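Throughout, read-outs are computed from the coordinates displayed, never taken from laboratory work. In this text the structure is predicted, and so the values were computed from the model without any measurement.
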Amino acid sequence: MRKIVAWKALPEDVLAYLQQHAQVVQVDPAQHDTFVAALKDADGGIGSSVKITPAMLEGATRLRALSTVSVGFDQFDVADLTRRGILLAHTPDVLTESTADTVFSLILASARRVVELAQWVKAGNWQRSIGPALFGVDVQGKTLGIIGLGRIGSAVARRAALGFNMKVLYTNRAANLQAEQAYGARRVELPELLASADFVCLQVPLTPETRHLIGAAELESMKKSAILINASRGATVDEKALIEALQNGTILGAGLDVFETEPLPADSPLLNMPNVVALPHIGSATHETRHAMARNAAENLVAALDGTLATHIVNREVLGR
Ligand code: NAP
């Protein structure tokens, strides 16, 4: 019987589905050696949020497919998987809307100081009507700059343009004509986006090309009133430069779902900044979406091992062999 290694807890029904197709061995990824040993005679693997290095796959000669319960696949060395003939599957689409909701809640919470003021109320500070010192800024009618207008970026653009009457600018390597037509999104170069946007939102995958895409110079070129939103991956932003920019008033604030080190270390200056909304990487974290992602990833894995997977493939080159 086939063997599948799961390095993430899966919903009961999803686990039962996998068990109909294979022996499933659940491992705790923190027990590194046990995890690596389990991969040695596995046919497939499923999980998320753990870096899978080439060294971990040495000697895993039976391994034919890995399935990540995520759309992002920066935890994998894709070129190495391809060399080994291991197919990598991911879960696009199913998480698009809930992640766009998270992005929009960061936009609204940052602009309207929702977290800061809610804490202020709970601390018993609300004695009289608030004054301008606690006012926020408008979201509706403002300019949103989306760096990476793909599936999630488009869902954010839809909310912004149709729901909040915002102007949408974006950068992509290729034009997204559908979003241009549907949401009036305008493709510009990064410097123009940074100089014009009231909200700068990153939604690119993390790759060598996008690592530290936003650093000190880029933050410096943004409006002083701008708010940076990052729900892509922490390392698309140079976090040290962001901290300095927030401390120096280079930009107004930030709404962050992702960080260079996760969980965010207890000594991170971001934790003490009132103009930062920090979330624990909850982009897709609703009951419905996380369940759908797990189901999708399990189906991808079984289909990959059966040789019938046609979509959701990261390294299609493996199929040509
Ligand atoms: P997607 O559809 O592939 O969109 C990515 C967009 O980025 C594309 O429009 C792509 O357009 C653009 N892009 C710009 N520069 C790029 C570059 N150097 N390399 C690759 N693409 C580049 O992906 P998605 O489904 O919207 O997801 C985007 C990312 O969001 C994921 O990779 C993941 O890291 C992150 N995410 C985070 C959470 C969370 O929990 N916070 C949840 C889901 C996803 P061009 O190809 O034309 O450049």
- request: Using just the helices of the chain, give the 222 nm mean residue ellipticity in deg cm²/dmol: DSSP H runs with n ≥ 4 each add -39,500 (n - 2.57), and the total is spread over all residues, rounded to 500.
  value: -10000 deg cm²/dmol
- line: On each of the three principal axes the extent of the alpha-carbon atoms of the chain, given in whole Å and largest first, is 68, 46, 33
- line: Largest first and rounded to whole Å, the semi-axes √(5λ) derived from the alpha carbon gyration tensor of segment 96-278 read 26, 20, 15
- prompt: If the cut-off is 29 Å between C-alpha atoms, which lysines fall inside it for K167, apart from same-chain ones fewer than 8 positions away?
  reply: K142, K223, K224
- prompt: Between segment 6-45 and segment 195-258, how many Å separate their Cα centres?
  reply: 37 Å
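Taking only the alpha-carbon atoms of segment 1-140, what semi-axes of the equivalent ellipsoid follow from 5 times the gyration tensor eigenvalues under a square root, in whole Å, largest first? List each step's numbers first, then the result.
On the way: eigenvalues 404, 53, 43 Å².
Over the Cα atoms of segment 1-140, the semi-axes work out to 45, 16, 15 Å.
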message: With 25 Å as the cut-off, how large is the P(r) tail for segment 179-321, expressed as percent of Cα-Cα pairs?
response: 43 percent
query: Which helices pass in the chain if a helix is a full DSSP H run, must span at least 15 angstrom along its long axis by Cα, and must have mean Kyte-Doolittle hydropathy not below 0.0?
result: 96-112
Gained length - A79 relative to A175, 0.36 nm times residue gap less alpha-carbon distance: 31.9 nm
